[in-house]
Amino acid sequence: MNSVAANNAAYGIDGGTRLLGVATATFDVSVLEISSALTSGATLVLADDEQRTDPRLLQRLMRAEPINVAELPPALLPMLDPDGLPELRLVSVGGEAPAGRLVDACAGPMSCTWPGRSWRVAIWDGRVLRRRSLRGPRERMYRTGDLVRWNTDGELVYAGRVGSQLKV
């Protein structure tokens, strides 16, 4: 619940927020959608199977239910009209680079973030990683398959995937 509380605080999710629940219950994103609403008092508007698979119906739902926060698959973004979603203030995407008019209409910088304070990042440079000091006794390291680089501001920049791996 630490990460859910941090997510809610970072993105301003509160009792006045209308969250779109577009992920199926078998997808991990649904846990964040549901938990964010339950812990903040936000309204969770669930898209049905037909709305999930038809961008026109999803757009209609998002406008009718004035959705202002949504976690959407990047492939869906080019099919949504930002002019038809005046209440939408935050779209979170992941897994691949986003594109489309909805992305073009965003004001301000776009970034990939995980607003948890209890997370650390270790970048593996391809050599054997044997330094146990990177992990505490109950910590785990996860290999994501993402290629990243440090920019001049000391931030990580996503540069693609390792080899031909797919992120599933």
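The values are calculated or read from the model by the stated rules, or taken from the named source; none is laboratory data. Values in this document were obtained by computation on a predicted structure and should not be read as measured data. Virtual Cβ from ideal backbone geometry, glycine too; neighbours counted across all protein chains shown. Each accessible area value is taken on the protein alone, full model and side chains, heavy atoms only, with ligands, DNA and RNA left out. Shrake-Rupley method; radii C 1.70, N 1.55, O 1.52, S 1.80 Å.
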Q: Within region 29-80, track down each residue that is outside any helix (DSSP H, G or I), of a type in the set (D, E, K, R) and open to solvent by less than 60 Å² (accessible area, probe 1.4 Å).
A: D54, E71
Q | All positions within region 1-10 that are exposed (fewer than 15 other Cβ atoms within 10 Å of the Cβ) and either touching a strand residue (DSSP E or B) at 6+ places or on another chain (Cβ under 9 Å) or not small (G, A, S) (or both) | A | M1, N2
Q. Among the numbered criteria (1) of a type in the set (A, V, I, L, M); (2) out of contact with any strand residue (DSSP E or B) (no Cβ under 9 Å at 6 or more places or on another chain); (3) without any contact (Cβ under 8 Å) to a residue 12 or more places away in the chain, which single criterion is violated by M79?
A. (3)
Q: Return only the number of the condition from (1) part of a helix (DSSP H, G or I); (2) closer than 23 Å to S3 by Cβ that V91 does not satisfy.
A: (1)
**Q.** Members of region 11-26 found to be within 20 Å of P74 (Cβ to Cβ) and either at pLDDT 95 or above or surrounded by 12 or more Cβ atoms within 10 Å (Cβ to Cβ) (or both), listed by number
**A.** Y11, L19, L20, G21, V22, A23
